[in-house]
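Worksheet: the structure to be examined is printed underneath.
Every number here is computed from the coordinates shown, using simple stated rules; none is lab data. A quick note: this is a predicted structure, and the numbers were derived from the prediction, not measured. Methodologically, a virtual Cβ is constructed for each residue, glycine included, from the backbone with ideal geometry; neighbour enumeration extends over all protein chains shown.
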Amino acid sequence: MQITHKIAEQIRIRMGQRRPKTAIILGSGLGSLADTIEDTVIINYSDINGFPQSTVQGHNGRLIIGRLADTEVLCMQGRFHIYEGHQPQVINSIIKAFQLLGIKNLIVTNAAGSLRKSIAPGELMLITDHINLSGTNPLIGPNDDRFGPRFPSMADAYTFEYQKKILSIAKALKIKLKQGVYLWTLGPNFETKAEIKMFQRLGADAVGMSTVPEVICAVHSGMKVLGISVITNYGTGMQKNAPSHEETLAEGQKAAQNLSRLLTAFMKDIDNG
Ligand code: HPA
């Protein structure tokens, strides 16, 4: 866990007096929320020794520390995917560094494909639970008990209290917020039609190539978690045209505005104790 301490120390030095309790991870094309953060310290991933570089278009690759809705946040603009060739444990090092910095809440966002006709592209889906179908896990390796238990429970991975809170905010702001189970597949290819049918039968409502590893690490660290997917397309075979990365980015941008409004309101309410 040497690398974890090294990452935390570099961020701590740059952060000055700021003590954010909440981290936000922004998914593909959802970086615009970061523009509304005030009084910022910005650290490029390339300037953090031990941080890999994010290689995906639409992921900027920087940490933004500042105030969102008068609450201090640490925001990852750009995330790491296992399909980029990163070891899953890299994600654990980063989340554990956040834990060392005093982060207690993790908000994760992503772009995802819908597995249900009732959840349309351009809509937002609150993640109520997940299925890890990737065949890997960011906690593989020796466990450091100071950070979390060897066999962490995932029974309440997406903090119920936060689910209730965001649903009531969505209602008040008249923003449609669907709910469902997110399935993590490794990628980088989009699914086959047969895979989409299988995922539907497994009880998943959306599919994507991220988020679950960060959530597993955050739950292991004792953090409270809120997850929201921006639905960018229907799964392969559910619509005429196969999904593309361009479509993913375009639909993401449309819904990103609603997501920003939701999260800004949520930040005013979050437990910062
Ligand atoms: N499949 C997997 N990941 C995705 C999709 C999809 O259809 N859309 C956005 N991310």
_Output needed for the stretch 62-173: three equivalent-ellipsoid semi-axes, defined as square roots of 5 times the C-alpha gyration tensor eigenvalues, in descending order, whole Å._
25, 20, 16
*Based on the Cα atoms of the chain, what semi-axes does the equivalent ellipsoid have, where each is the square root of 5 times one gyration tensor eigenvalue, given in whole Å with the largest first?*
27, 21, 18
*What pairs in LYS178/LYS240; LYS171/LYS224; LYS171/LYS197 have C-alpha atoms more than 29 Å from each other?*
LYS171/LYS197
*Among SER221, SER134, SER118: highest mean-square fluctuation, GNM of the chain, C-alpha pairs under 10 Å*: SER118
_Cβ-derived FRET efficiency at R0 41 Å, LEU202 paired with ARG19, nearest 0.05_ = 0.50
*Which helices, taking whole DSSP H runs in the chain, have alpha carbons extending 30 angstrom or more along the helix axis plus mean Kyte-Doolittle at least -1.0?*
245-269
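How high is the FRET efficiency between SER32 and THR192 when r is their beta carbon distance and R₀ equals 51 Å, given to the nearest 0.05? All intermediate terms of the calculation are to be shown ahead of the outcome.
Details: r = 32 Å, r/R0 = 0.63.
Result of the calculation: an efficiency of 0.95.
Show me 255-261, 94-100, 82-88 ranked by packing, highest mean number of other Cβ atoms within 10 Å first.
Details: 255-261: 19.0, 94-100: 24.7, 82-88: 16.4.
Per-residue Cβ counts within 10 Å, averaged per peptide and sorted highest first, yield 94-100, 255-261, 82-88.
Report the charge-dipole magnitude of the chain in Debye, nearest 20, computed about the Cα centre from +1 at each Lys and Arg Cβ and -1 at each Asp and Glu Cβ. The partial results should precede the final answer.
Numbers: 29 positive and 23 negative charges, 98 e Å.
Magnitude of the dipole: close to 480 debye.
Expressed in nm to one decimal, what extension gain is obtained for the pair GLN257 and HIS5 from 0.36 nm per residue of sequence separation less their Cα-Cα distance? It would help to have the intermediate numbers written out before the result.
Working: separation 252, 0.36 × 252 = 90.72 nm, distance 3.53 nm.
Additional length available on full extension: 87.2 nm.
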*Once a ≥ b ≥ c are taken as the square roots of the eigenvalues of the Cα gyration tensor of the stretch 146-273, is the result rounded (a/c under 1.5), prolate (a/b larger than b/c) or oblate (a/b not larger than b/c)?*
oblate
*Between ILE140 and ASN44, with labels modelled 7 Å along Cα→Cβ, what's the label distance in nm to one decimal, could you check?*
3.2
*Over the alpha carbons of the stretch 139-187, what is the largest minus smallest coordinate on each principal axis, giving the biggest first in Å?*
46, 29, 14
*Would you mind telling me which residue in ARG19, ARG62, ARG150 has the biggest mean-square fluctuation in a Gaussian network model of the chain, where springs connect alpha carbons within a distance under 10 angstrom?*
ARG150
_Cross-link reach list, aspartates and glutamates versus LYS96, counting only Cα pairs under 16 Å and skipping chain neighbours closer than eight places_ = GLU9, ASP144, ASP145, GLU214
*asked:* Over the chain, with a Gaussian network built from C-alpha contacts below 10 Å, which listed residue (LEU63, LEU202, LEU115) shows the highest mean-square fluctuation?
replied: LEU202
